[in-house]
1. For residue 331, indicate whether it is assigned to a strand (DSSP E or B) and either over 15 Å from residue 442 (Cα atoms) or out of contact with any Gly (no Cβ under 6 Å at 6 or more places or on another chain) (or both).
2. Suppose the filter is buried (at least 22 other Cβ atoms within 10 Å of the Cβ), in contact (Cβ under 8 Å) with a residue 40 or more places away in the chain, more than 18 Å from residue 113 (Cβ to Cβ) and of a type outside the set (Ser, Thr, Tyr); does residue 219 pass it?
3. Can you list residue pairs whose Cβ atoms sit under 6 Å apart, with the first residue in the range 167-186 being aromatic (Phe, Trp, Tyr) and the second being in a helix (DSSP H, G or I)? Count only pairs 6 or more apart in sequence or on different chains.
4. Among the candidates 272, 217, which residue alone is within 19 Å of residue 46 (Cα to Cα) and either of a type outside the set (Asp, Glu) or not assigned by TED's automatic domain parsing to the domain that holds residue 141 (or both)?
5. Consider the range 393-418. How many of its residues are within 34 Å of the chain's Cα centre (by Cα) and outside any strand (DSSP E or B)?
6. So which residues in the range 306-361 are of a type outside the set (Ser, Thr, Tyr), without any contact (Cβ under 8 Å) to a residue 60 or more places away in the chain and in the same structural domain as residue 270 (by TED's automatic domain parsing), if there are any at all?
7. Give me a count of the residues in the range 147-157 that are under 17 Å from residue 302 (Cβ atoms) and not small (Gly, Ala, Ser).
Amino acid sequence: MNRRTFCSLPLAAAVPLEAASDPPGADPGAPKSAIERWKDLRFGMFIHWGPVSIVGTEISWSRGGERRGRTGTGNVPVEVYDNLYRMFNPVKFDPDEWVQLAKDSGMKYLVFTTKHHDGFCEFDSKLTGYKITSEKSPYRKDIVRLLSSACHRAGLDWGVYYSQPDWHHPDYRNGAAHAKYIEYLHGQVRELLTGYGPTREWFFDGLDGTAADWDAPRLLGMMRQLEPDLIINDRAGLAADLDTPEQRIGMFQINRPWETCATVGTQWAYKPEDTLRPIEECLRGLVCCAIGDGNLLFNVGPRPDGRIEESHAARLREMGAFLDKYGESIYGTRGGPFVAPDEKKRPADAESFVLAEGNWWGGSTRKGNAIYLHILRWPAETIHLPAMARRIVRHGLLAGGRATVQQSEAGISVSVPAASRQAVDTIVKLELDGPAHTLPVLGPG
């Protein structure tokens, strides 16, 4: 993970990290039913945490020493960074509290960093001593087991982040010895998929590695066998199941699943007195993922003692309050059918979510016999939509108030008086005379 750049950019024709097509038969992908189930969830919690939280710098990237395969180094001396685990004792870590926060925030799944690029394992791997359960660790509890068990108890989907790069392991990218590292990597993936209950999502983070670097066809084949319904991202050199735009919101894409991963603050791991995204930005990010037919995986970095900063928790609960009111327009929906004009008129280098300009107004989601118009800005007093092959039988504002919707063979017009508009997202529900999912994508009117 790199520092955030949360601007909206096009996903181009799918954005797998390596942008390489899979060889025939390399990976069959997850079953369509599993992918659709995952898309229904729409919102998940990402957690980056480890001994580095003691010094409050970025996970892995602040580690000094060589990175084998990449240039640059961090500002924490390697002999310091690699020994932080001897002081890491998160006695206030309560996995049930983390899970409850995720649920209070409207999140339906949780993805945890079991091993980042620094190589430290937050689980009781039998293949290394560099782990949280080491006798040199004052904590000595299997954090992955505690957290995955809490997710299973609470009915929250459990997901794994696992970095293939490992700047601590002596065999990683070390000439012929890398072949031994590949077996180490495969062994740890097997441990995580066989020892921690059902796993719904797997987030690889291979940086600039290729499929050959991880023997990815064999690796994913094993994973599919162990967890047939597992959703796997595109960062192991194979396209797998979904694209992963980072710190930016993808544009409308229904031909392939995608998930934005982004931080609630400016750093993935814990940063003292971090600056948070305003609630308006958080909500716009979530809504723009949904109207683009994508998911949002939103990250927090807990403190070294195991607590999540109350300011971060409060921001996430605000998102939960929004979803309590308007979740029907997010959960279980699919993007479309209406796509707003000028979608690409967004800054390419902004570090916060900035709305498009021109005639862009937002977008839509659909479910059952309903279309939800998410109006995030008003370029004019009336929003004009193209005609569709369904009749609107009823309409209304989810927040209450009055909306005017007129449908004709030429198209649809929507207007809402200023007093009934919402500051972030004015949601107009259109109830149709038949299923919305059968409608084609409808561009600007």
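1. The answer is no for residue 331.
2. For residue 219, the condition - buried (at least 22 other Cβ atoms within 10 Å of the Cβ), in contact (Cβ under 8 Å) with a residue 40 or more places away in the chain, more than 18 Å from residue 113 (Cβ to Cβ) and of a type outside the set (Ser, Thr, Tyr) - is not met.
3. From residues that are aromatic (Phe, Trp, Tyr), the pairs are 172/181.
4. It is 272.
5. 7
6. 309, 310, 312, 314, 315, 318, 321
7. Qualifying residue count for the region: 3.
Every residue, every condition in (1) crowded, with 21+ Cβ neighbours inside 10 Å; (2) in contact with an Asp or Glu (Cβ under 9 Å, 6 or more places away or on another chain), yes or no:
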{"residue": "278", "(1), (2)": "no, no"}
{"residue": "295", "(1), (2)": "yes, yes"}
{"residue": "300", "(1), (2)": "yes, yes"}
{"residue": "306", "(1), (2)": "no, yes"}
{"residue": "314", "(1), (2)": "no, no"}
{"residue": "324", "(1), (2)": "no, no"}
{"residue": "334", "(1), (2)": "no, yes"}
{"residue": "359", "(1), (2)": "no, yes"}
{"residue": "366", "(1), (2)": "yes, no"}
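The values are calculated or read from the model by the stated rules, or taken from the named source; none is laboratory data. Everything numeric here is computed off the predicted structure, so don't read it as measured data. Don't worry about glycine lacking a Cβ; one is built from the backbone with ideal geometry, like all the others, and counts go over all protein chains shown.
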